[in-house]
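The values are calculated or read from the model by the stated rules, or taken from the named source; none is laboratory data. Since the structure is predicted, the reported quantities are computational estimates derived from the model, not experimental observations. Here the Cβ positions follow ideal geometry from the backbone for every residue, glycine too, while neighbour counts run over all protein chains shown.
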Amino acid sequence: MGQFEPKIVGFLCNWCSYAGADLAGTSRMQYPPNIRPIRVMCSGSVDSAYILRALLAGADGVLVGGCHPGDCHYVSGNYKARRRITILKEIMKALGLEDERVRIRWISASEGKRYADTVSRMTSDMRELGPNPVARLWWT
Amino acid sequence: MAKKVGAVMVIGGGIGGIQASLDLADSGFKVYLVDRKPDIGGAMSQLDKTFPTHDCRLCILSPKLKGCLRFGLGQYSNIELLSYADIEKVEGKAGDFKVTVKKLPRYVITEKCTGCGECLKVCPVEVPSEFEQGLVKRKAIYRPNPQILSFVIDKSICPSDCRECSKVCKPNAIVHEMQEEKVEVNVGAIILSSGFDTLNPHLKKEYGWGIFPNVITGLQFERVMSGTGPYQGQMLRPSDKKPARKIAWIQCVGSRDLKLDGRSYCSSVCCMHATKEAIIAKEGTSGSNITCHIYFMDMRCFGKDFDRYYERARKKCGVEYRRSRVAAVKEDPQTSNLRIRYESEEGELKEEEYDLVVLSLALDPPSGTQEVVQKLGIELNDYGFARADLFSPVQTSKKGIYVCGAVSGPKDIPETVVQASGAAAMASSLLSEVRGKLTEKKHYPPEVDVSDEEPRIGVFVCRCGMNIGGTVDVPRVVELAGSLPAVVYVEENLQTCSQGTQEKMKEAIRKHQLNRVVVACGTVRTHEPLFQETVREAGLNPHLLEIANIREECSWVHMREPERATQKAQELVRMAVAKAALIQPLFAMHSSVIQRALIIGGGLAGMVSALSVADQGFEVHVVEREKNLGGNLKNMHYTLEGKDISNFRDSLTTQVQKHPRIRVYKGAEIQNVGGYVGSYTTTMSQADDGSSPRAVSLEHGVIILATGAQEMKPQEYLYGEDERILTQLELEDMLTQPGAGIKKTKTVVMIQCVGSRDKDRPYCSRVCCSDAVKNALKIRELNSGANIFILYRDMTTYGFKESFYQEARSKGIVFVRYDEYKKPEVKLKDGVLQVEVTDPIIQRPLLFSVDLLVLSCAIVPPKDSPRLAEILKVPVNEDGFFLEAHVKLRPVDFSRRGIFLAGMAHGPKLIDETVAQAQAAAEKACTILSQPEIESETIIVQTNERQCRGCGICASVCPYEAIEIDEETKKARVIEILCQGCGSCSVACPSGALQQAGFTRKELLFMVDAAV
Ligand code: FES
């Protein structure tokens, strides 16, 4: 086996980040294949339970992608998501989990590059961080 | 009665044309959307972000585009797109035109082209790319816009003996022999929306565009900034691709320019456009060490929130504005840096060096306007734009032909969108009897109920030519799919999108009794509508489809790692299958519509929208607070252009009062509004002619809010203490009184921005500069000897109004600028009225003794706006004006469905602008009124009553007021018709009673499990 390849689950909002990922595709921007994107209607519809489930099931990182502040298709979903994740990070810290494993990023439909960069960056960070300890805990 | 055709042709596929098409299709008309370019989207698709909110143009444009593209479903099948086509001939008259359209050959069969790009590798010729504004090259075979998959061939440069591209094209999509095609269409009305071009920068030789590589145009700079542009969004300059650290913008290049023929008008959008570019440059990653200077004459921030934006640029972002006309740009041949020579406001000659110079080019009528206009038989104005009527701004000189957007004069996006809906309203009124006659509803086989069946999933994996198959080992994906639970059928296709494969797919669904379908192919955004259609045609609910995007999110982005890409594709399919096993059919809810409108406000906006709705065949109730209709028009007499307002007002009021479908309630005040879109009940108290108020209750389907705004009574400059001090409206009244004292007046001073653009009201009131010029010219007409001074901060006579500013100056009216920190002072000394102001040019105070002091006062929202906002549950902005759903693209809508906004209630506006907006609001209202029933979204939230504890958290997080807590049962109730399906409430609900259809908790958790 070569280097550790982290698994990242991505929740991408339909209107901006998912479209940004598309643009990365049509522009053939290359990034590591570690992300497993899941389309949601809005970053505000991502329940913390999904994120926790991903971490417990063995994901090494979770990315939530939403529209830029002020651009949410549903007015304010992204603000709600941001608040929720801030709290979630606190809980993660309390549990002894590295809170960098969960990230929320604003990626618009025209920011294919930003999407590709975000995924590359997150992949290398997670590689450095090593496997998600909670997942290992649950395996043994 | 003359024959009428229920179809409309829209010429121009920019944002205006798209909006008009969508509105017309929504309200029951067949639309032919014609564009000369091979793609639609217009200038907006080249912009990076839009001002003043910095919305990404793509996020806001693409949902609209999707409605128009050929994959469009259901109602949008009523828009037929004729892109890459020219108008050849127009015959007939209003109600019944015959238009011949020439479709140019693309030489590539769009349906076959997979966008693989093999052809690009072999094409030998290159020219500057139009889309990238010449910053990079494109081949003879090219993609007109990066968002569009399929190619076209530019025959003008394609060598006739080459044909290399045909050899490498796997799907055989290239047909070099393709011929142009003529189509004849029959329409009842035509809307011209062909947008604008920018000035040919070669005309301003002194700025060196085309000679010095680092002098670029504003649109080129858009491409420089754009993440999808040639420099991937880095601020580089063309000559050496080094970062640009110091950038200058030169404003009014070819605008307000008397030296160039016919270019005396102001292009209206460039002040904000340059401001936006500078802010984005400063806010970018290397922004802190970028210096931005903007050379300008007047900052014209007349739109909603523009002045705040300008303040943000100056005070927060550190963009420096220099009031000066630049004489020339020179290049240092060694460094390719540019030297700008300019005169400072104090009259000193200065020079400064920059890395990059951006020219804010004037907006021109689009090329080819002359010919189109000739074919249509409509008139141009003095500047070569399509002539529009001042009191009916989307009406051209010919009946049945309407105009919207920049082709009738420079305009920004919201104004274009407003006019587009306004033009759609005019066309709809003209053709109201034949509404729905030519639109088709597609017929589908009955839907099989599969909700109780065990899932039988069919998986279709697409190779997409080489696009997926070239990287991903498709057979292995197919193999894995076959091993997954509930999967009963798997198929591999070369090209799933093709007509043939879709027929096969339908057959497979029937033969294997599939009840859930997974397609592994390209992105949801383009493929979902297409395959939903297929699935529906096979007799399944369209939502029993799940897409695994193994192209944009896999094969195209992991081209160098085929093994891992294959594994990822397998997992994406596994995830999609996991969700597919759980998905259920979804249906839109229907709710009936009371086909009647309520209009709040009987001023200009209210009256125009009432007439427009009534002319489209619907009943209207108009509620006016005052005893008479007319609003501000009652105090206005003439326009800047010299048109008589009183006649216009009188004819409007009579039309409204006499209209058989309009009922007017005067002296009435709204008390309560209940219900939701389609069925509202409004109660008001009405006290006609002094009688004691009585309660009236009305039922209606939509609301147009047109409560207006008014001239503020000033608190400063001694107003009210001396009768020689008037507001502009008071002056206008005085000037029209017989025997007006103005004949003897010696010195008149006007002060601009009284109460506007200051701390309390940080917005520009838009109308006051035009009003001041208008009244000053009137005074000059009545009294040629008077000394007239206008003290201003920035003369905001935008668009064609600029010519009146020039006229005023040529007639000896003196304009003196004052600084925002050194406001003029008004003193009353022994009965002498004095005004003192410091002229920034000569840096000395000037003192006037005046006979008449006129204050150009701010426009302020009416006092009871907050009360009304609360009743209607709609927002107001910080300035007290009502806040629309989206500044750029939904300028007359509220986020709350069924309520629309028109006129000065939205923000200060001139007459023509108000009329357009009132018509736009009417059109939006009619898109709802024209249907007996309206449909909800399909992805909405569903409640489980048993789990609901009635805590009400869901209702408080819902941005659409779509959840109510039932008074009796104390349970949450979703008003389906209002729910937009964002899912916020389902996450907020502490007891798990709410679920987002199509994205339920179980579905998502299973997907998560399958992913890791
Ligand atoms: S829609 Fe993108 S974050 Fe809400």
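Within the range A:61-71, how many residues are part of a loop (DSSP other than H, G, I, E, B) and more than 6 Å from the ligand (Cβ to nearest atom)?
4
Checking each residue in the range A:90-105 for being closer than 20 Å to A:Val119 by Cβ and over 13 Å from the mean Cα position of the chain (by Cα) picks out only A:Glu98. B:Leu1005 falls short on exactly one of the conditions (1) within 9 Å of another protein chain (Cβ to nearest Cβ); (2) in contact (Cβ under 8 Å) with a residue 12 or more places away in the chain, and that condition is (2). Among the residues making up the range B:868-889, those that are free of Cβ contacts under 8 Å to residues at least 60 places away in the same chain and either basic (Lys, Arg) or assigned to a loop (DSSP other than H, G, I, E, B) (or both) are B:Pro875, B:Glu878, B:Gly880, B:Leu883, B:Glu884, B:Ala885.
Only one of B:Val814, B:Val754 is over 24 Å from B:Arg322 (Cβ atoms), in contact with a Phe, Trp or Tyr (Cβ under 7 Å, 6 or more places away or on another chain) and of a type in the set (A, V, I, L, M); which? One residue alone meets the criteria, B:Val754.
Could you tell me whether any residue of the range B:744-753 is of a type in the set (D, E, K, R) and surrounded by 14 or more Cβ atoms within 10 Å (Cβ to Cβ)? The answer is no, given that none of the residues of the range B:744-753 is of a type in the set (D, E, K, R) and surrounded by 14 or more Cβ atoms within 10 Å (Cβ to Cβ).
Among the listed residues B:Glu503, B:Glu533, B:Glu553, which satisfies the condition of being in contact (Cβ under 8 Å) with a residue 12 or more places away in the chain and either among the small types (Gly, Ala, Ser) or within 23 Å of B:Gly482 (Cα to Cα) (or both)?
Only one candidate passes the filter, namely B:Glu553.
All of B:Val860, B:Val854 fail the test of being within 27 Å of the chain's Cα centre (by Cα) and either hydrophobic (A, V, I, L, M, F, W, C) or surrounded by fewer than 14 Cβ atoms within 10 Å (Cβ to Cβ) (or both), apart from B:Val860. Of all the numbered requirements in (1) within 14 Å of chain A (Cβ to nearest Cβ); (2) more than 28 Å from the chain's Cα centre (by Cα), B:Asp96 misses one, and that requirement is (1). Within the range A:72-121, the residues that satisfy the criterion of being assigned to a helix (DSSP H, G or I), over 19 Å from A:Leu23 (Cα atoms) and of a type in the set (A, V, I, L, M) are A:Ala81, A:Ile85, A:Ile87, A:Leu88, A:Ile91, A:Met92, A:Ala94.
Residue selection: B:Tyr763 fails the criterion of being over 22 Å from B:Tyr805 (Cα atoms) and either part of a helix (DSSP H, G or I) or under 40 Å from the mean Cα position of the chain (by Cα) (or both). Those residues that are within 14 Å of the ligand (Cβ to nearest atom), assigned to a loop (DSSP other than H, G, I, E, B) and under 12 Å from the mean Cα position of the chain (by Cα), I need them from the range A:5-60; list them, please. Hit for the range A:5-60 is A:Val46, nothing else. Considering only residues in the range B:27-53 that are modelled with pLDDT under 85 and more than 13 Å from the chain's Cα centre (by Cα), the one that is surrounded by the most Cβ atoms within 10 Å (Cβ to Cβ) turns out to be B:Ile40. Screening B:Arg946 on (1) touching a helix residue (DSSP H, G or I) at 6+ places or on another chain (Cβ under 9 Å); (2) more than 10 Å from chain A (Cβ to nearest Cβ) shows it passes everything except condition (1).
Quick grid of which residues meet (1) touching a residue at least 60 places away in the same chain (Cβ under 8 Å); (2) under 30 Å from B:Ser268 (Cβ atoms); (3) assigned to a strand (DSSP E or B):
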site	(1), (2), (3)
B:Arg138	no, no, yes
B:Pro144	yes, yes, no
B:Ile190	yes, yes, yes
B:Gly195	yes, yes, no
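The residue that is nearest to the ligand (Cβ to nearest atom), counting only those in the range B:970-986 that are assigned to a loop (DSSP other than H, G, I, E, B) and within 20 Å of A:Asp47 (Cα to Cα), is B:Cys982. Of all residues in the range B:486-534, which are within 14 Å of chain A (Cβ to nearest Cβ) and over 16 Å from B:Ile457 (Cβ atoms)? Correct list: B:Gly522, B:Thr523, B:Val524, B:Arg525, B:Thr526, B:His527, B:Glu528, B:Pro529.
Looking only at residues of the range B:572-582 that are buried (at least 23 other Cβ atoms within 10 Å of the Cβ) and more than 13 Å from chain A (Cβ to nearest Cβ), we find that the one that is nearest to the chain's Cα centre (by Cα) is B:Ala580. Looking across the range B:535-550 at every residue that is within 17 Å of B:Ser451 (Cβ to Cβ) and either of a type in the set (D, E, K, R) or within 14 Å of chain A (Cβ to nearest Cβ) (or both), the one that is surrounded by the fewest Cβ atoms within 10 Å (Cβ to Cβ) is identified as B:His543. The residue list B:Ala605, B:Ala569, B:Ala614 contains one member that is more than 36 Å from the chain's Cα centre (by Cα) and assigned to a helix (DSSP H, G or I), which is B:Ala569. Scanning the range A:1-20 for residues that are β-branched (Val, Ile, Thr) and within 7 Å of chain B (Cβ to nearest Cβ) gives a single hit, A:Val9. Within the range B:409-440, restricting attention to residues that are surrounded by fewer than 24 Cβ atoms within 10 Å (Cβ to Cβ) and small (Gly, Ala, Ser), the residue that is farthest from B:Gln931 (Cα to Cα) is B:Ser429. The set of residues in the range B:977-997 being at pLDDT 90 or above and more than 11 Å from chain A (Cβ to nearest Cβ) consists of B:Pro990, B:Ser991, B:Ala993. Residues in the range A:63-78 that are facing chain B (nearest Cβ under 9 Å) and closer than 16 Å to A:Leu12 by Cα: A:Cys67, A:His68, A:Asp71, A:Cys72, A:His73, A:Tyr74, A:Ser76, A:Gly77. For A:Tyr79, the conditions (1) within 10 Å of the ligand (Cβ to nearest atom); (2) crowded, with 20+ Cβ neighbours inside 10 Å; (3) not β-branched (Val, Ile, Thr) are fulfilled apart from (2).
Of the residues making up the range A:21-54, just one is touching a residue at least 60 places away in the same chain (Cβ under 8 Å), more than 7 Å from chain B (Cβ to nearest Cβ) and over 19 Å from A:Thr123 (Cα atoms), namely A:Ser43.
Residue by residue, here is whether (1) of a type outside the set (Gly, Ala, Ser); (2) farther than 30 Å from B:Val876 by Cα; (3) away from every other protein chain (no Cβ under 14 Å) holds:
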| site | (1), (2), (3) |
| --- | --- |
| B:Thr217 | yes, yes, yes |
| B:Ser239 | no, yes, yes |
| B:Ala244 | no, yes, yes |
| B:Asp305 | yes, no, no |
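Only a single item in (1) surrounded by fewer than 21 Cβ atoms within 10 Å (Cβ to Cβ); (2) within 28 Å of B:Gln19 (Cα to Cα); (3) touching a residue at least 40 places away in the same chain (Cβ under 8 Å) is not met by B:Glu91, and it is number (3).
On inspection, B:Lys888 passes the criterion of being more than 20 Å from B:Ile928 (Cβ to Cβ) and not polar (S, T, N, Q).
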